[in-house]
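Engineer: This is the structure, below, for whatever I ask next.
Please treat every number below as a calculation from the coordinates, not as lab data. These numbers were taken from a predicted model, which means no experiment stands behind them. When we count neighbours, we look across all protein chains shown, and the Cβ atoms used for this are built from the backbone with ideal geometry, even at glycine.
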Amino acid sequence: MADRFRTVGGGRRKTKYENYADYSLVFTVLFLLGFGLIMIYSVSSYEANLTFGNSAYYFKKQIIATIVGIAAMMVTSRIPYHFWEHFALIAYLFSAVLIGLVMTPLGYEANGARRWLDLGVSLQPAEVAKLGMIIFLAYVVCRVGRNIRTTKGFLFMIMLPLPIVLMIWKITENMSSAIIVMGIALLMIFVSSPDYKKFVLIFVAILIGAAGIVKLVIQLSHTKLLGFRGQRILAWLDPEAYASGKGFQTLQALYAIGSGGIFGKGLGQSMQKLGFLPEAQNDMIFSIICEELGLFGAIAVILLFLLLLWRCMIIANNAPDMFGALLVVGVMGHISIQVILNIAVCTNVIPNTGISLPFISYGGSSVVFQLIEIGLVMSVGRGIKLKDLT
């Protein structure tokens, strides 16, 4: 806390500056975590009992990760956020090294995908890369400054995240995380650059490219040239035609959402979680929320995420400097993109791809690093000074 004296009306008044603390942000995050633990137990208890003989297997692992994440969040929140400027390049390079290690014996496969490292504890490098990209780009944007407005500076910023994005896509075959990392980068650059025309062109190019890919997949649908991603696009266009294959999970998710109605069947009363919906506790947990708690529960969860993003936006708008503001914008981008994509997958708005729901889905690495990101937001918030005249 800093004190300052100033003369007011012939006298001296003491101005106190207090550190800002956003308790609404903290309570919202804690509520999402608690709700997530309840839903993980509700969703996974049946499968966990069949597979491991312990209905609380997933719940216990998630609660340990949550406790570790909360501890990491509190430690991060107490560290001045400018401390991380010294490790920006290290964070970028460290993310690349971890992704590369997936190809070594340290990497292992789960659920048909090789995306994790066994370092005594399970670690998903893509989660580290999301945090590393936020810190790195915040640092670089502040160094580039006004040069980001030039074509050369803009292209330089766009190119920076591409090596990490391509490594995530090709090495771990995790396109969803690659999209999220690139989305975080584009949002941070968008906030930093006043020239929005470039982003309109990028958005239009992405839409045209996506439409072209869908058209090409349809044309090749009767050939053997399609990979599994092409099959997922076909299943997205007509899930019932692929009900026994790539469309199975999507259909079961839609059944779960449709059967929930307005108020749902009741907590723990889902039918789809009884072996019908694959990865119900992970990527498809939102569908079970809709089934058990109905439209009411789904809207409540969305409103909680909106409240979380709103509190982050307040901190970003009042951050002491550009570096702090960009850190918060990066975290906002990560959470918002992941929530939107997860719900879009569950409702078949976009093709099925593995994306977890922040703070709610099962996943140790994701919840720990998401909470570290919230710690960064809290650290930026602590840098805001509230003036109080006494």
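Engineer: Provide the per-residue ³J(HN,Hα) series for the stretch 352-361, in order, calculated from phi with Karplus coefficients 6.51, -1.76, 1.60 and θ = phi - 60°, each as a whole number of Hz, with x at glycine and proline positions.
Structural biologist: Listing the rounded values in order: 5, 8, x, 9, 7, 8, x, 6, 10, 5 Hz.
Engineer: Still on this model: Enter the Cα centre distance for the pair the stretch 232-292 and the stretch 325-347, rounded to the nearest angstrom.
Structural biologist: 22
Engineer: Going through the cross-link list Lys246/Lys273; Lys130/Lys197; Lys197/Lys385; Lys197/Lys246; Lys60/Lys385; Lys60/Lys246, which pairs have a Cα-Cα distance over 29 Å in this structure? Intermediate values should be presented prior to the final figure.
Structural biologist: Working: Lys246/Lys273 18 Å; Lys130/Lys197 26 Å; Lys197/Lys385 35 Å; Lys197/Lys246 38 Å; Lys60/Lys385 40 Å; Lys60/Lys246 31 Å.
Checking Cα-Cα distances, Lys197/Lys385; Lys197/Lys246; Lys60/Lys385; Lys60/Lys246 exceed 29 Å.
Engineer: Quick one: check the C-alpha center-to-center distance for the stretch 355-376 versus the stretch 93-151, whole angstrom.
Structural biologist: 15
Engineer: Which net charge results for the neighbourhood of Arg149, defined as the other residues with beta-carbon distances under 14 angstrom from its beta-carbon, given Lys and Arg at +1 and Asp and Glu at -1?
Structural biologist: Residues close to Arg149 contribute a combined charge of +3.
Engineer: Now, a different point. Between Phe31, Phe199, Phe228, which gets the highest mean-square fluctuation from a Gaussian network model of the chain, Cα cutoff 10 Å?
Structural biologist: Of the options given, Phe228 has the highest mean-square fluctuation.
Engineer: Given springs between every Cα pair under 10 Å in a Gaussian network model of the chain, which of Leu155, Leu341, Leu237 has the largest fluctuation?
Structural biologist: Leu155
Engineer: Continuing with the same structure: Working from Cα positions, state the angle (0 to 90°, nearest 10) between the long axis of helix 88-101 and the longest principal axis of the chain.
Structural biologist: So the inclination is approximately 20 degrees.
Engineer: Which angle between 0 and 90 degrees, to the nearest 10, do you get for helix 57-78 versus the longest principal axis of the chain when only C-alpha atoms count?
Structural biologist: Taking Cα atoms only, the helix is inclined about 20 degrees.
Engineer: Name the residues whose placed amide hydrogens come within less than 5 Å of the amide hydrogen of Arg115, ignoring near sequence neighbours (fewer than 5 apart) on the same chain.
Structural biologist: Amide H to amide H, under 5 Å and 5 or more residues apart or across chains, Arg115 pairs with Tyr108, Ala110.
Engineer: Taking the 0 to 90 degree range and rounding to the nearest ten, how far is the long axis of helix 322-346 tilted relative to the main principal axis of the chain, both from C-alpha atoms?
Structural biologist: 20
Engineer: Further question on the same structure: Once the other residues with Cβ under 11 Å from the Cβ of Ala138 are scored (Lys, Arg +1; Asp, Glu -1), what is the net sum? Mind showing how you got there, number by number?
Structural biologist: Details: positive: Arg143; negative: Glu85, Asp321.
Residues close to Ala138 contribute a combined charge of -1.
Engineer: For the chain, what's the relative contact order in percent, using C-alpha pairs closer than 8 Å and at least 6 residues apart?
Structural biologist: 28
Engineer: Please compute the Kirkwood hydrodynamic radius over the chain, one decimal place, Å, based on all pairs of different Cα atoms.
Structural biologist: Value: 22.5 Å, from the Cα pair sum.
Engineer: Using the Karplus curve 6.51 cos²θ - 1.76 cosθ + 1.60 with θ = phi - 60°, what ³J(HN,Hα) values do you get for each residue of the stretch 368-374, in whole Hz, with x for Gly and Pro?
Structural biologist: 5, 6, 5, 6, 4, 4, 5
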